Every structure is written in structure tokens, then in C-alpha cells.
Amino acid sequence: MSVDIAIRKTLRADDRHFELDVAFASEHRRIVIFGPSGAGKSLTLRAMAGLLTPDEGHVRVDGRTLLDTATGVDVPPRDRGVAYVFQDYALFPHLTVAQNIGFGLARRWLNPRRHSHDDRVRHWLDIFELAAVADSYPVRISGGQRQRVALARALAVEPRLLLLDEPFAALDPALRGRMRHELMALQARLDLPLLVITHDPADVEALDGHTIEVRDGRVV
Amino acid sequence: MGAIWIPLALSLKVALWATAINLVLGVAVAFGLSRWRSHARELVDSILTLPLVLPPTVLGYYLLVLLGRRGVFGEWLDRLGIQLVFTWQGAVIASTLVAFPLVQKAARAAFEAVDPQLEDAARVLGLREAAVFFRISLPLAARGITAGALLAFARALGEFGATLMIAGNLPGRTQTLSVAIYAAVQAGDDRSAGIMVAVTSVTCVVALLLAGWLAPAHLRRMRP
């Protein structure tokens, strides 16, 4: 896997001003963007997913150009083949665990039905040991389960690259170590490239990937 | 007694039509406004709120100027064979206009309360904008919209001024409940007036109770 990104974006909000100017390339299967909060890590991730349009620059994943302001290429988020696990998971509160996991498998105007689980949904429910809570709503399940639902939902669409925004920050410390191991085991099993952002040095150590440090909107 | 059912049925028909039209129109406008990034947004919002504060007779007058026989669109409507003055369809338009801000405001607040990150999550999972609307934004805003629609229904049911201006007071054709109450009192028929007042009051109280129960959208949205 290769990721090649160079983006520039100026953000203004009221009297604040933030300059994002991030560039890096990596062939590693685990890329870790490390830096304090407010450094521009999430903005970088959003630009990779197509949720933020940079003023200029490019994003390439596995040689495929997802964004290039010079040639006017800007693939919409839905066609990027990139999955995103948000920091607080962004589970759909009006859908059950099974419907959340099956969400991206049905792309038309209707959400998956409540009780008819697709084989693929069942597969992910089993892998993440979520079958018991398949028909529960996200508010009713534990933090660890929520994270697994978010992962399952992202993986169900068979992405080429998985983006994770502070995947362990919302978990209590006891669970954090366990989920790090789970994520590593999962990656080994699925052979899926990861790009993780974190402010926690313990994550950097545990993930043991290509670490890119970002501060004040720049790679240091 | 039987005479009450005719205006009641007409009022319900008019209020249901007005609510249905506002559910489409008000929700569409509200969604547009909630996503529109422009300084003109609040100006447009103010103009759209005018029906809430203008006297209904003023609104009725505007409608006559626009839709009447000699109105701005009168000739054009006439050629299409559409007659709105002194018809129940005219009453629907009056009620729709008066109740519009109630749906629009409730829907806009509901759309703005939807976490944009959920919509982003849906986009990354492969959905087009229309699908994001129908599968995320609309269901999450549904309770707020329903509460607004119930308020609009109650308001449309009670519409008097604008309705009288454009639809008139034709018993059996355009005489809605609130207009019939006025006519009954004028004619000294206090018994009929009293019954119609009671029916209107009960219907509106029920609608308001339902609206109040639905309003705190975030509290009971997710069933266990």
C-alpha cells in the first residue's frame, strides 16, 4: 500500500486562523499520525476521505489519484474506497447494530430493514462478537461494543484503506489496551492498511508503524 | 346538530391538505435554509416568518391581489381553469400560508440539530446526497418535523381571517368551522356556536399535547 499526500488549506473562523500544510508519503501498512490536539490531524484525515477540500494539493492511495487540485480531480467521498472510523464512532442512533453494519451495503434511498440480516452483516456480527446485540440500538451497548460496531460498519464496505481518528481515546484505560490488541490482530487477519491518528504516545508504541509527527499544521 | 358536521368535515379536509402541503414545502425550504451558507439566509427566514406575525386579513388581501380574478396571476389561473377565490382550495392556500412558518421553523431547528458527522459518515460509506437526506437527516429530524406539523394542523384548523378574505363564507362549500362559529354567533345561534367551539378546542388541545410530547426529539428518539 502507498499513501502520498500533500495538502494545503487555510481555515478562518472569526478571529482564528489556521494554516494546514501537510505532506508525507509512506508505503507502510500502518501509518500513525501523531501530534497534540489541534495540530491538524483530523483535518488531514478528513481531506483524505474527501470530507474537506484542500485549497491545493493532492491525495493518492495505491497510485490512484483521489484529489489533485492541479488537474481538477476530486473524487467524492462515496467513491474513494476509504473507510473512516470517527473518534466518537458516529454510529447512527436511529438504527440497530445490524442496520449500522449493513448501512454501506445498501446504497439506495432506504436503510436496511430491521430484522432481515444480510449474510455479510452476519459475518461481521460474528467476527466482532456482536450477534447478541445485533438488534440493540447504539445507546444501549457498551463503549467497546460501539467501537467494534464502528469498525464492522467501516469494514463491511471492503475499503482499500481504513482511517481511524483517535480510535482509543473514547475508551476507558482498561479497555484501551485490549482494543489495541484487537485492532492489531484484526489487521493481521484482514491484511488491511491502516492510517491512525492519535495524541497518545502509548498508541504510537503499541501500533509500531510508520509514525509521522504533526504540529501546528505541519509535519515535523 | 347535523349542521355542525359539514363545517367540521370541511375544516378537517382543509387543515389536512394544508398540513400535507407544508410537510413537503416547509421541510424542503427548511432543509435548504439549514444548509445554505449566506448572509441573506436570515433575511429570507424573516420574510418566511411574516405569516406568523402579519394580521391574517393582510395575508388574505395579498392572496386576493395575487390570485383573484383581477389579480397578478388571475388571468393565468383563469386560462388554466383554476378558480381559487370562493372555493375550498382557496381556503387550503390561506391555511397553508398561515401555518407554513410553524413547519418551516420546527423543521429547520430539527435539521440543524442533526450531527453533521453522521451525514459525513454516511457519505464515506458510499451514499449520495439524496440518500443521506432520506436515510440520515430526515429520520433524525422526523420528531421535530412532526411536532411542527401538529402545530401547523392546529393553526390551520383555526384559520379565520385569511380564509374569510379569499374563500368567503359559503355554507357547505367554504364555510369552515371557525367561519361557521362566527356566522352562528352573528345569527344568535349560541347552541351551535358553543358545540363548534368545544369541538375546535378539544381538537386543538389534542394536537398541542401530541406536539409537546414529540418536541424533545433527542430524549426519546431511540427506543430500547
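No value in this document is a laboratory result; all are computed from the given coordinates. What you see is a predicted model, and the numbers here were worked out from it, not measured in a lab. Virtual Cβ from ideal backbone geometry, glycine too; neighbours counted across all protein chains shown.
Using Cα pairs under 8 angstrom and six or more residues apart, how large is the relative contact order of the stretch B:2-222, in percent?
Values: 288 pairs, mean separation 66.8, N = 221.
Over the stretch B:2-222, the number comes to 30 percent.
Return A:MET184, B:MET165 ranked ascending by Cβ neighbour count within 10 Å, so the fewest neighbours appear first.
A:MET184, B:MET165
Mean separation of Cα pairs under 8 Å and 6+ residues apart, divided by the residue count of chain A: what relative contact order is that in percent? It would help to have the intermediate numbers written out before the result.
On the way: 402 pairs, mean separation 67.7, N = 220.
That works out to 31 percent.
Placing unit charges on C-beta atoms (Lys and Arg positive, Asp and Glu negative, everything else neutral), compute the dipole magnitude of the stretch B:2-222 about its Cα centre in debye, rounded to 20.
So the magnitude is around 320 debye.
Just to confirm the number: angle between the C-alpha axis of helix B:177-186 and the first principal axis of chain B, 0 to 90 degrees, nearest 10?
So the inclination is approximately 30 degrees.
Can you tell me the dipole magnitude for the stretch A:1-153 around its Cα centre, using point charges on the Cβ only (Lys, Arg +1; Asp, Glu -1), in Debye to the nearest 20? Mind dumping the intermediate values first?
Numbers: 22 positive and 18 negative charges, 112 e Å.
My answer is approximately 540 debye.
Once the principal axes of the Cα atoms of the stretch A:34-108 are found, what is the range along each, listed largest first in whole angstroms?
Per principal axis, max minus min of the Cα coordinates gives 42, 34, 20 Å.
Which whole number gives the average, over all residues in B:111-120, of C-beta atoms from other chains lying within 10 Å of the residue C-beta? Before the final figure, lay out each step's value.
Working: counts 0, 0, 0, 0, 5, 2, 7, 6, 2, 9.
Whole-number average of other-chain Cβ neighbours for B:111-120 is 3.
Which listed residue (B:GLY74, B:ILE181, B:LEU127) has the Cα farthest towards the positive end of the charge dipole for chain B, taking +1 on Lys and Arg C-beta and -1 on Asp and Glu C-beta about the Cα centre?
Sorting the options by dipole projection puts first B:LEU127.
Can you find, among A:MET48, A:THR69, A:ASN111, the residue sitting farthest towards the positive end of the charge dipole of the stretch A:1-125, where Lys and Arg contribute +1 and Asp and Glu -1 at Cβ?
Most positive-ward Cα: A:ASN111.
Excluding same-chain residues fewer than 8 positions from A:LYS9, which aspartates and glutamates have a Cα within less than 13 Å of its Cα?
Hits, sequence-local ones excluded: A:GLU19, A:ASP21, A:ASP55, A:GLU56, A:ASP216.
Show me A:108-116, A:138-146 ranked by packing, highest mean number of other Cβ atoms within 10 Å first.
A:138-146, A:108-116
Need one value for A:84-94: mean number of C-beta atoms belonging to other chains within 10 Å of its residues' C-beta atoms.
Whole-number average of other-chain Cβ neighbours for A:84-94 is 5.
Taking the Cα centre of the stretch B:35-144 as origin and charging only Cβ (+1 Lys, Arg; -1 Asp, Glu), how large is the dipole, in debye to the nearest 20?
Working: 12 positive and 9 negative charges, 27 e Å.
I would put it at about 120 debye.
Hey, fewest Cβ within 10 Å first, where do A:GLU129, A:GLU56 land in order?
Listed from fewest to most nearby Cβ atoms, that is A:GLU129, A:GLU56.
With θ set to phi - 60° and the Karplus curve 6.51 cos²θ - 1.76 cosθ + 1.60, what are the ³J(HN,Hα) couplings of the stretch B:58-63 in order, to the nearest whole Hz, using x for Gly and Pro?
5, 4, x, 5, 4, 4
Counting C-alpha atoms alone, how compact is chain A: give Rg to one decimal and Dmax as a whole number, in angstrom.
Rg, Dmax (Cα atoms, Å): 17.5, 52.
Consider all pairwise Cα distances in chain B and report the whole-number % of them above 24 Å.
Value for chain B: 51 percent of Cα pairs lie more than 24 Å apart.
When the Debye formula is applied to the Cα atoms of the protein assembly as shown, each taken as the same point scatterer, what base-10 log of I(q)/I(0) results at q = 0.08, 0.09 Å⁻¹?
-0.62, -0.72
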